[in-house]
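Working notes, structure below.
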Amino acid sequence: MRARHVTAAMAAALTLTALAAPAALAAPAAAARAELPRCAEKDLTVRAEPSDDADDVLKLSVRNDSARACLVDRVPTITYGDLDGAALPLPTVPHAGRTLAAHGTAYAAVRSVSDSDDAEKEARTVMYVNVAAVPDHDGRTFQALKLGAPAGVRVWEPVTTLWQSSPDRAAQVLEEETTGRGTLAV
């Protein structure tokens with residue numbers, strides 16, 4: 001995984017994005033989210049499964065099992081085995097809260113191997129993937145066998161969507177963003 005090289009570029013992009021965001025537009029939404037508590041890890045059910053439509057793509061979901069709305073991060077945190085770094089969000093956005101309604105579910109899609117020319121020879125193989133809805137949660141570990149990859153999950157420059165309202169929307173955003181046809185899909 002090329003996480004170290006991309007991390008510096010992503011940090012610079014996130015800083016510029018944060019500086020460019022008009023404070024007047026961000027304040028009301030931030031104030032509303034600030035009133036909600038962060039979701040407790042025990043109240044979340046995180047799932048991952050292989051996509052039926054594309055190789056090297058996982059479908060993710062997070063469900064709030066509590067009776068109250070709470071906040072998850074708007075970007076799922078996906079790590080691969082013992083490799084450094086996590087899947088990068090598409091579009092590139094700063095971390096922020098996303099409201100998850102009581103008993104509500106959000107969906108994301110992650111492409112583990114990029115379409116780059118280097119992917120075939122540079123891809124690593126791991127035996128598990130970890131998914132968390134909040135960066136400082138432990139998350140849930142999924143063994144490669146359960147993800148339809150008995151020989152291991154291949155990984156090279158992984159990317160993920162933000163949490164979306166449906167599995168179809170997550171798949172659509174992933175397709176648009178990885179083929180260059182995407183718009184800011186938050």
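The values are calculated or read from the model by the stated rules, or taken from the named source; none is laboratory data. Everything numeric in this text was worked out from a predicted model, so none of it was measured. Glycine gets a Cβ as well: all are built from the backbone with ideal geometry, and neighbour counts include every protein chain shown. The accessibility values were calculated without ligands, DNA or RNA, using every heavy atom of the protein model including side chains. Shrake-Rupley method; radii C 1.70, N 1.55, O 1.52, S 1.80 Å.
General remarks:
- Fraction of alpha-carbon pairs over 20 Å apart in the range 75-139 - percent: 36
- Within the accessible area of the range 51-144 (1.4 Å probe), percent carbon and sulfur: 43
- Rolling a 1.4 Å probe across the protein heavy atoms gives the range 78-147 an accessible surface of 49 Å² per residue.
- Taking a straight line from the alpha carbon of Lys42, these lysines sit under 26 Å away, with near neighbours fewer than eight places off in the same chain left out: Lys59, Lys146.
- Order by protection proxy (mean Cβ within 10 Å, highest first), peptides 133-143, 67-77: 67-77, 133-143
- Reduced Cα scattering model of the range 33-158, Debye log10 I(q)/I(0), q = 0.14, 0.17 Å⁻¹: -0.60, -0.85
- All aspartates and glutamates inside 14 Å of Lys121 as judged from Cα atoms, apart from same-chain residues fewer than 8 positions distant: Glu157
- Hull-based mean projected area of the range 86-186, where the convex hull spans the alpha carbons, in square nanometres: 7.3
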